[in-house]
Amino acid sequence: MLAKTPPMGWNSWNTFARDVNEEIVLGAVDALVEKGYKDAGYEYIVIDDCWSLKERDNEGKLVADPEKFPHGMKYVADYVHSKGLKFGMYSCAGIRTCADYPGSFGHEYTDAKTFAEWGVDFLKYDYCNFPEFADTKNAYLTMSMALKASGREILFSACNWGVEEPWKWMRSVGVHMYRSTGDIFDNYKSFTDIIHSQDENFCMSAPGCFNDPDMLIVGMYGKGHVGEGHGYEGCTDTEYESHFVRWCLFSAPLMIGGDIRNMSPFCEKLMQNKALIAINQDEEARPPFKVKANNLDPMRGEIYVKHMSNNRFAIAFFNDYDKDGQMLLFLEAAGIPYHTGVTLDITDALTGEHIGVINQDFFKAEVKTHGCRIFTAELTTR
Ligand code: GLA
């Protein structure tokens, strides 16, 4: 089964965009392996838009740009596979891609075959320049069928930015993950707006098909296409932590968008945090529930509890305000009234520190502005 849990990997777009080439991609493959990402669970190396020539060849096939990819795509795929990783590529349901390269509309079966011949394991499928007369759902279904007929098992990653409410039908046309929003940028407002817009749709994520709120910006610090390329200065480490934790909590695919060859130690450690990845990869893939705010909680901020397998839980606090503060989770609001004697034994997921058994009717967390705290918990008695 593909995408049994949210897919994890690296994608070229957020940092490199049009400048993607073989050297960058092979460098990312090496970094994924040598810097510990592969061991942490990251698996797919994905080349986004701008990899092909501007026109198809005489047989109507897509051609890799020989200047950017001098050894062709099969060579890249073989290199990726030789490291025990999987290879992803990009095309578009429209006539041209977003960056104006040939799209797959009307060429779905030819292109799926080409990708299969090259050894592709993952296809991101965009939506730019989609003909007005055509049917969106049918276009994704057609490529889904073409991939299944290609003779190779290929994970289908749809990207139509939420058009026609993809959370309602992408699973039914065989897609494994689907972008539900417009593009992310390297900025706090961008990722919080994205996650808030999908709050109620993440419940549709389940093994086999996940809502994809876009690739990670962790560790970009404003460098690259979705940073300075669009006039954004990037985020602080505290904000990157809040971003990554949100993606883990909502069972989002974890596709790294930063330059993993030169990642900051803080962000490298964050994206390889075992406890966070275990929350993201939990086999039940349940959405977290938002705890009802209590009047005694001065912040009345965002507090979530996520049920996980084996009677374990994740508890997350997000501080969206412009100052540091205390946030209070009243256990009754998490379904655990004080008089029952039942309570939680908690561990800080970010630091690994065992906090212990909660002996009162609430749990208090100090949360930095734009930051978060996240804990794992098990039920116990006082
Ligand atoms: C769209 C997608 C992005 C990226 C670019 C490539 O904007 O949403 O993720 O693939 O196209 O041009």
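Yes/no per residue for (1) in the same structural domain as G182 (by TED's automatic domain parsing); (2) modelled with pLDDT of 95 or more; (3) within 24 Å of the chain's Cα centre (by Cα); (4) open to solvent by less than 10 Å² (accessible area, probe 1.4 Å):
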| residue | (1), (2), (3), (4) |
| --- | --- |
| K83 | yes, yes, yes, no |
| A93 | yes, yes, yes, yes |
| C98 | yes, yes, yes, no |
| F105 | yes, yes, no, no |
| F115 | yes, yes, yes, yes |
| D121 | yes, yes, yes, no |
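Restricting attention to segment 175-192, report how many residues are under 27 Å from K4 (Cα atoms) and surrounded by fewer than 17 Cβ atoms within 10 Å (Cβ to Cβ). So that I can check it myself, show each step before the final result.
At the first step, the residues of segment 175-192 found to be under 27 Å from K4 (Cα atoms) are 175-184, 191-192.
Then keep just the ones that are surrounded by fewer than 17 Cβ atoms within 10 Å (Cβ to Cβ); that gives 182.
Total meeting the criteria: 1.
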Residues that are farther than 20 Å from E22 by Cα: find the strands (runs of 3 or more DSSP E) completely inside segment 44-156 holding 2 or more of those. 122-126
Complete set of residues in segment 96-110 that are touching a strand residue (DSSP E or B) at 6+ places or on another chain (Cβ under 6 Å) and either basic (K, R) or more than 9 Å from the ligand (Cβ to nearest atom) (or both): G103, S104
In segment 266-321, which residues are more than 20 Å from T380 (Cα to Cα) and aromatic (F, W, Y)? F266, F289, F317, F318, Y321
Condition check for D237: of a type outside the set (A, V, I, L, M, F, W, C), free of Cβ contacts under 8 Å to residues at least 60 places away in the same chain and open to solvent by less than 10 Å² (accessible area, probe 1.4 Å): no
Subset of segment 123-144, residues surrounded by fewer than 16 Cβ atoms within 10 Å (Cβ to Cβ) and aromatic (F, W, Y), comes to F133
Pick out the one residue from N129, N138 that is of a type outside the set (V, I, T) and within 16 Å of the ligand (Cβ to nearest atom). N129
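The values are calculated or read from the model by the stated rules, or taken from the named source; none is laboratory data. Small disclaimer: the values here were computed from a predicted structure and weren't measured. Cβ atoms come from the backbone with ideal geometry, glycine included; neighbour counts cover every protein chain shown. Each accessible area value is taken on the protein alone, full model and side chains, heavy atoms only, with ligands, DNA and RNA left out. Shrake-Rupley method; radii C 1.70, N 1.55, O 1.52, S 1.80 Å.
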